[in-house]
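Here's the structure we're looking at; comments come further down.
None of the figures in this text is laboratory data; all of them are computed from the coordinates on show. These numbers come from a predicted model, not from an experiment. Note: ideal-geometry Cβ built from the backbone for every residue, glycine included; neighbour counts use all protein chains shown.
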Amino acid sequence: MGIEVRGLTKVFEGGRRRARRSVEAVRDISFTVEPGERVAYIGPNGAGKSTSIKILTGILHPTRGEARVLGVVPWEERRRLAGRIGTLFGQRSQLWLELTPRQSFRMLAAIYGLDRARERTRVGELAELLDAGDLFDTPVRSLSLGQRMRCELAACMVHEPEVLFLDEPTIGLDLLAKQRFRELLVRLNAERRTTIFLTSHDVADIEHVARRVIVINHGSVIYDDEVQAMRRSLLATKVVEVGLGHPAEPIAMCGVAVVEHSATAMKLVVDTAPPRSVPSSTPCSKVRRRSTSRWWTRRSSR
Amino acid sequence: MIATWFLVTLRTEARRVTAERGGLVVAVVFYVVVVAVLAGLWRVAAATNGGTIAGYSAVALTWYIATSEAAVVALNIRMIDDIGRAIGSGAVAVELLRPVPVLALRVAAELGRSLPRLAACVGTGVVVATVSGGAPPRPATLALAGPSLVLAVACNIVAQHAFAAIAFWIRDAGSAWFLYQKLVFIIGGMLIPLEALPGWLHALANALPFRAMAYAPARLASGHFEPRLLVEQAAWLGVLLVAAGAVFRAGERRLQVVGG
């Protein structure tokens, strides 16, 4: 088993004496992740994603419940588990800013107990896999964010982890860098069977990287299904804003609803789900339309 | 046996500081100015006091200040603040995800950063003290002052971590840094030989670890052959490691329960 979570709850206690208050950051969460799975663990800010990851990596103790990552209880054997997992926090660097990535890898390899020969081989493999060999000898502080994130990914892969925890890894990256990063994750998973557990606010991260999505809100799991299923049922529409060179009539097309219209712009909601088993001759008015919704507020049917 | 990761971390950080010559030059210039001013003041004070102060001659005081300042200037002066910020901001979480003790890794890195600065200050200090004060009062004791300086720096780094760990509870180690700095300056013997302090303060200073961080190497370099000071420093280093380890473990437990 990759990750096994049963009834996990984390309550933070704050304040003093009479002003004492408790916040339930994670509430009775249960799920399992098989080895080699690519799972997106998502939800709005404050939903409990980062707290869950901190518990699963052993940084935090849960208030109640059980969890095993690679058969290890994380908060009981944090250091032992650390040698088998990789973590990447998009907002926290694990590279030493004043060093080059190669020097950081040397230190990380020593920390994880890799000998010199294994370290050289591993860094060579990562340079090839991430197409980042030319970046490894530039001081980290001189790298662009996109370049640094590729090196961050290499840093958390130096010791060949079996599970990779990624907390908003594409935050701040431009579109191209994001796309490249997603492709790298998929490649890593395909070539190394590395389990990927990803949190992100970017729907494209979820669609491109994950096969399964777990949605949490207010500390509880509210959706757990394949990404394809989520896309069909909950992400069926896209909002498109069109700039107009000159005033035009509202677009009248099957699957397109005009929600705002002015002389210079038009805002459309486009149904991206194919109207399956609907004959081409069927009038547009008879095709069932799905509405845009705040998908994270829906409850899973599981 | 010292773990490979400890040595690799120490060596990598030392190489980095050595490569950044600008930072080293600034540290050495600062050190020379401080030593020139303080040693000059002490020489004047000794001259007006019949040639000695608390048993130290003007030459001995010059070598005392050159050594005590080297032991302190070699360190990252904002270390407590830096450690406190790493804890308070939650950045320490990344360090908790490594399979080695956070404290040991931090000490290795800080020791690696400090040793090149220490070497540069000591090299310069020997020249400055010889030119401004005269030849060392007893050259043989300088051989003991070398390892004593390394122990002083190690004690200081570990003690700063123990102080900075207060940030696990109060989120701001700035006040701890201010207090700590003053303790090293006065009862650590950085500015004043402990023998020159009032009796009660001298007794208090003798009972605390701060004297291992500046006074011990400075006392040796000023011509006093007292090898027991090295033993005392090693013992304090052990005590400080145990204390800092306990405070960090307690802090990590608090982080695990209360959150970052």
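For region A:93-109, 3J(HN,Hα) computed residue by residue from phi via the Karplus equation (6.51, -1.76, 1.60; θ = phi - 60°) reads 8, 9, 8, 7, 4, 7, 9, 7, x, 4, 5, 4, 4, 4, 5, 5, 4 Hz, glycine and proline entered as x.
Placing pseudo-labels 7 Å out from each Cα toward the beta carbon at residue A:129 and residue A:80 gives an inter-label distance of 2.5 nm.
Across all C-alpha atoms in region A:49-189, the radius of gyration and Dmax reach 15.2, 47 Å. Region A:137-216 and region A:75-122 have Cα centres spaced 16 Å apart. Over region B:67-133, Cα pairs under 8 Å with separation of 6+ residues give a relative contact order of 60 percent.
Helix A:175-192 and the long axis of chain A differ in direction by around 60°, with both axes built from C-alpha atoms.
Contact order for chain B, expressed relative to its length and based on alpha carbon pairs under 8 Å spaced 6+ residues apart, stands at 27 percent. Radius of gyration (Cα atoms) of chain B, expressed as a multiple of 2.2 N^0.38 Å: 1.03.
If both residues of a DSSP beta bridge must be in chain A, then about 65% of such bridges are antiparallel. The residues A:171, A:214, when put in order of fewest to most other Cβ atoms within 10 Å, stand as A:171, A:214. Listed values for region B:125-135 are Karplus-derived 3J(HN,Hα) couplings in whole Hz (6.51 cos²θ - 1.76 cosθ + 1.60, θ = phi - 60°), namely x, 4, 5, 4, 5, 5, 5, 7, x, x, 5, and x replaces Gly and Pro.
Could you put A:242, B:8, A:163 in order, starting from the residue whose Cβ has the fewest other Cβ atoms within 10 Å?
Ordered by Cβ neighbours within 10 Å, fewest first: A:242, B:8, A:163.
Across all directions, the shadow cast by the convex hull of chain A built on its C-alpha atoms averages 21.5 square nanometres. Between B:19, B:140, B:71, the GNM of chain B built on Cα springs shorter than 10 angstrom shows B:19 fluctuating the most.
Sorting the Cα pairs of region B:116-253 by distance into bins of 10 Å, from 0 upward, gives 12, 37, 34, 14, 3, 0 percent per bin. Quick check on the exposure proxy: order B:42, A:75 from fewest to most C-beta atoms within 10 angstrom. Exposure proxy ranking, most exposed first: A:75, B:42.
Treating r as the C-beta distance of residue B:30 and residue A:174 and R0 as 25 Å, the FRET efficiency rounds to 0.05.
Top mean-square fluctuation among B:244, B:46, B:207, Gaussian network model of chain B, C-alpha springs under 10 Å? Of the options given, B:207 has the highest mean-square fluctuation.
Scaling against 2.2 N^0.38 Å puts the C-alpha radius of gyration of the protein assembly as shown at 1.25. Entry note, region A:133-245: relative contact order of 19 percent, from Cα contacts under 8 Å with a spacing of 6+ residues.
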